[in-house]
Amino acid sequence: MAEVRRLRSGEPREVAGYRLVGVLGDGGQGSVYLGEDPERGQVAVKVLHPRLVTDRRAVRRFLAEAQTAEKVAGQGTARIIETGMLEDRPYLISEFVDGPSLQQYVAGNGPLAGPKLMELAFATARSLAAIHDAQIVHRDFKPNNVLMGPDGPRVIDFGVARTPESVTTATSSVVGTPGYMAPEQISAEPVSPASDMFAWAATMGYAATGSSLFGGDSIPAVMHRILTAEPDLSGIEEPLRSVLTSCLSKVPAHRPGAQEVLRKLSRRPGEIRPVARRRRRLAVTGVAVLVVLGAAIGLTVRGGGVTQGETNLAQVVAEPEATVFGEPGDEFATLAVGAMGQVSVVAAANETSGRIELWNPASGEVVDQVPMGAGGVGALAFTKVATRPAVVWSAADGAVRVWRPGLGKTVTKIDACRTKATSMAVVPAQLGPAAYVACADGRMQAWDLATGKQASLWRVARSLSDVAWSGMGTNVFALTGTGVLQRLDPWNEQVRPSTIEAGGEPFGVEAGDGLAAVGVKGIGVKLYDQSGTRERCRVELPGSIAARSAPVGAFALAKGLLVTGVDMVTVWDTRTCARIRNLTFDGGQATAMAIGQVNGRRSVVVARPNAGMAVWELTGR
């Protein structure tokens, strides 16, 4: 949660109809307040300091911040909502990110490592790439200007940002924060996007070590070290250490750009622990369709040297009565879990009504709906487009559709495939957002959901049945109709893919936690390590189901758990490949499954034929 201090005497109590309830922070330009409105929700309200109202330069800089931030809205930054004047003081109102700054987070929780550190590095580098693509230099990237939001890190405070042309001529003053300033900023020399990359590396160094790379004593001493000393990065794991080293070069021309940093961090899958995907689940049903957080089947497990049977981890899954909602006569083909404001919702493709419906599990009611369009829905996902919630789905007509519920009933159609779109994987919103779409003719494409433009294209095979995103920028997995799993570089379509021979007749792939899970008809779910081709273990289908002509059920892989659904929901421990517990339900075999946050707790949602949907809470880990 973000830290909020009480209002002091003389501070405003209301701005633009928002009641100010506390102070989120104070800076050189102004104070940032937490504003509330019963209908419009919470916002961050920044108001210029009273002492600066007569400083025309300060006022112009303050007003320019809104224009700068709007240029990169939706790219891991806080969205600007409104600007105006409070008597003689300008203000700007932006999206409220409910989370501490990186500075506060590390101070309270200690340094980041492994997946969390990689997630932060990818998300913030992606934001800087968007900022630089918009011809903007941030000039004050530091731990206090990175907010650890519930849906990922956000870069804030564009109060001193400039275009490259303007900053290269503004050499009369030093702008920035000691400890995170590039050498050229200290020397009052021309500033460029390379200056931001130095600050980014110093900030990531702080996140990884818990202290400033250049010390925290006197400002002159810190600046001297930035100009002359090499920081100690020995405790930071590769490949991040090498990337930070290059970004901390004293010579701006020797530093990589943000796009190059993203490529360097994603091209060594064997050296990177894939970052756990955000709590978001997209569902699957049938032979040809599956989404971001998988589908599957199985009741028994085996693996070389693996302990079989029940484990003592029953505390991982609460066994309450399932929360049941939905109309019994409806057939829900695919599911995804997300939120509208503070309300948890389940998006469901209702084949009976022909609509994409948003259900509130708590009330059991449909809160919004739109027609799903031509063709059956193959994959369904929640994401954000320009900071607003969005529902995305692919269909048999080859199109990908984007619906932003808070903005009405308009559905944007992207003609992604010339033939059937067999599957889709949506990357985390702060990295795009983008959708990787698998086409029946063997092509896989990346599409920018904000602009509707194609970003990349792979010609993978004669036929593709599924695609999955492994995490924050490390791998994209494409599953062919012949049982070959191809691992692709999400940032460069020219890089040769590596392969895993899953064999058999595959029906779905899921990725996360350093694993790739492949559903194979007649066998079940095979778990592979993403860094190689070693099969860790498998969850097998019972004989009666294995003999059937088409796969049934669903599976999901997230944060150490594999959840499968056939005649019951079964939860497995991916570390030991042992069963944790069975969750029984009425209504026949599962047709779709989703994992995500429901009322603040990680939960699994299951659709049953002619029996609506059921929710179980997953606790532990």
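The values are calculated or read from the model by the stated rules, or taken from the named source; none is laboratory data. Every value quoted in this text rests on a predicted model; they were computed, and no experiment measured them. Cβ sites come from the backbone with ideal geometry, for glycine too, and all protein chains shown count toward neighbours. With ligands, DNA and RNA removed, areas are computed over all heavy atoms of the protein, side chains included. Shrake-Rupley method; radii C 1.70, N 1.55, O 1.52, S 1.80 Å.
Overview of values
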item: Charge-dipole axis of the stretch 1-130 as Lys and Arg at +1 and Asp and Glu at -1 on Cβ define it, positive-most pick from A58, L92, G30; result: A58
item: Table column - 3J(HN,Hα) (Hz), the stretch 373-382, Karplus curve with 6.51, -1.76, 1.60, x for Gly and Pro; result: x, 6, x, x, 6, x, 8, 9, 8, 9
item: 3J(HN,Hα) from dihedral phi, the stretch 407-420, Karplus parametrisation 6.51/-1.76/1.60, rounded to Hz, x for glycine, proline; result: 10, x, 9, 5, 10, 8, 9, 10, 7, 7, 10, 6, 10, 5
item: Listed residue pairs exceeding 28 Å between alpha carbons, taken from K116/K420; K413/K521; K384/K413; K46/K142; K384/K453; result: K116/K420; K413/K521
item: Net charge of Cβ neighbours under 12 Å - reference R89; Lys, Arg +1; Asp, Glu -1; result: -2
item: Radius 11 Å from Cβ of G375, net charge of other residues (Lys, Arg +1; Asp, Glu -1); result: +1
item: 3J(HN,Hα) from dihedral phi, the stretch 34-39, Karplus parametrisation 6.51/-1.76/1.60, rounded to Hz, x for glycine, proline; result: 8, x, 9, 8, x, 9
item: Order by protection proxy (mean Cβ within 10 Å, highest first), peptides 251-258, 347-354; result: 347-354, 251-258
item: Convex hull (Cα only) mean projected area of the stretch 1-157, reported in nm² to one decimal; result: 9.5
item: Rounded to the nearest 10 Å², the accessible area of T499 at probe 1.4 Å; result: 70
item: Accessible-area ranking of S463, S195, largest first, probe 1.4 Å; result: S463, S195
item: Charge context of V366, other residues only, Cβ under 12 angstrom, K/R +1, D/E -1; result: -4
item: 5 angstrom amide H check on R355, placed H, neighbours 5+ away; result: N350, M372
